[in-house]
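Note sheet for the following structure.
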Amino acid sequence: MPLVSENTLLSNAEKGNYAVPGLFPFDMDYIKIIIEAAEEENSPLIILQGPEFIKDFSAPVFSSALLTAANNAKVPVCLSVDHAFKIDENIFNDVMMCIHNGWKSIMIDGSLLSYEENVKITKEIVRLCHAAGIACCGALGEVRRFFPGVRNYKEPFKDDFVVPDEIMTDPEQAKNFVDVTGVDSLAISIGQYVRSLWEEEKLPVKRTARLDLDRLKAIRETTSAHLILHGSSHVNEEDLKESIKCGISEIKVASEYGVIWATAVRDILVRDKNLMFPIDIQKPALQKVKEMMMGYMRVFNSSGKAGY
């Protein structure tokens, strides 16, 4: 099936009361299981990866592999560039690299910048994306990330952590941001946060983050941009379901299956020291990741919606 635009997928999700899963291939082997999960659940799909990873994998090779997989999938797929870990002088080159390699949507996350700086850089990226005929996603409000390289605070994660109001997305500011920048979609902060193995995360993942659904409703009322939830692995499952009813049309998942994969690989290497080939080492881990992805599709109500 030919690639589908992100705006089309998200518009369909809003009409059908589901959220499109946004899934990340951490290497080439993930591509197969992501497509298989979507096909077995008959779910639309957005495949994501950040520019740092895309470059590390070799942008032409990795992008070509994804394009081939997407174009041969039995369900509608969009390729979307996730946010960079930092915004620097390379951001415009990275955007052009992704556009030239066939990606159909690009996220620019200036949420850790001042509001004025966020607006300025986002407007520029929107201009490039729209000139190329692809979508652009902005970000407003900080999603607290408890892992190295992206944190701008010193405190470690604590089980009773609650996202402060002042770093979440402000509804009125969201309206202004969308109006001024022209983004197609907006990634928002409404109570979610992200942990990882670096913070000694263990399975099962604790779903202790609670979403501010009233804030979400207010954001939905103030802007017509598609609303995206990134950093969902630790969110209470019922809150995820309710967020879809309140206007979320895409939910990104990554941290949880990173922990699942790493835990399973460590376990099998301890249990069977004769394993040598990567496929034999990875296969059980990838199967567990695939099952988790399919479970999320059911939670997001996207199963059976590929033809919607």
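The values are calculated or read from the model by the stated rules, or taken from the named source; none is laboratory data. As the structure is a prediction and not an experimental result, all values here were calculated from the model. Methodologically, a virtual Cβ is constructed for each residue, glycine included, from the backbone with ideal geometry; neighbour enumeration extends over all protein chains shown. Ligands, DNA and RNA are stripped out before the accessible areas are found, and what is left, the full protein with its side chains, is counted by its heavy atoms. Shrake-Rupley method; radii C 1.70, N 1.55, O 1.52, S 1.80 Å.
Does region 294-306 include one or more residues that are in contact (Cβ under 8 Å) with a residue 24 or more places away in the chain, more than 27 Å from Phe85 (Cα to Cα), basic (Lys, Arg) and surrounded by fewer than 17 Cβ atoms within 10 Å (Cβ to Cβ)?
Yes, that holds for at least one residue.
Please go through region 1-25 and give me each residue that is surrounded by 16 or more Cβ atoms within 10 Å (Cβ to Cβ) and part of a loop (DSSP other than H, G, I, E, B), ordered by number.
Leu3, Val4, Ser5, Tyr18, Ala19, Phe24, Pro25
How many residues are buried (at least 16 other Cβ atoms within 10 Å of the Cβ) and in a loop (DSSP other than H, G, I, E, B) if we restrict to region 211-235?
9
Looking only at region 108-133, which residues are in contact (Cβ under 8 Å) with a residue 12 or more places away in the chain, within 24 Å of Ser64 (Cβ to Cβ) and in a helix (DSSP H, G or I)?
Ile125, Leu128, Cys129, listed by residue number.
For region 89-107, does any single residue satisfy the condition of being modelled with pLDDT under 95, open to solvent by 40 Å² or more (accessible area, probe 1.4 Å) and either assigned to a loop (DSSP other than H, G, I, E, B) or among the small types (Gly, Ala, Ser) (or both)?
Yes, region 89-107 has at least one match.
Scan Leu45, Leu79 and give me the residue that is in contact with a strand residue (DSSP E or B) (Cβ under 6 Å, 6 or more places away or on another chain) and free of Cβ contacts under 8 Å to residues at least 40 places away in the same chain.
Unique residue meeting the criteria: Leu45.
Can you name every residue in region 1-37 that is among the aromatic types (Phe, Trp, Tyr) and more than 13 Å from Ser80 (Cα to Cα)?
Filtering region 1-37 for residues among the aromatic types (Phe, Trp, Tyr) gives 18, 24, 26, 30.
Residues satisfying the conditions are Tyr18, Phe26, Tyr30.
If Leu79 meets every condition in (1) more than 20 Å from the chain's Cα centre (by Cα); (2) assigned to a strand (DSSP E or B) apart from one, which number is that one?
All conditions are met except number (1).
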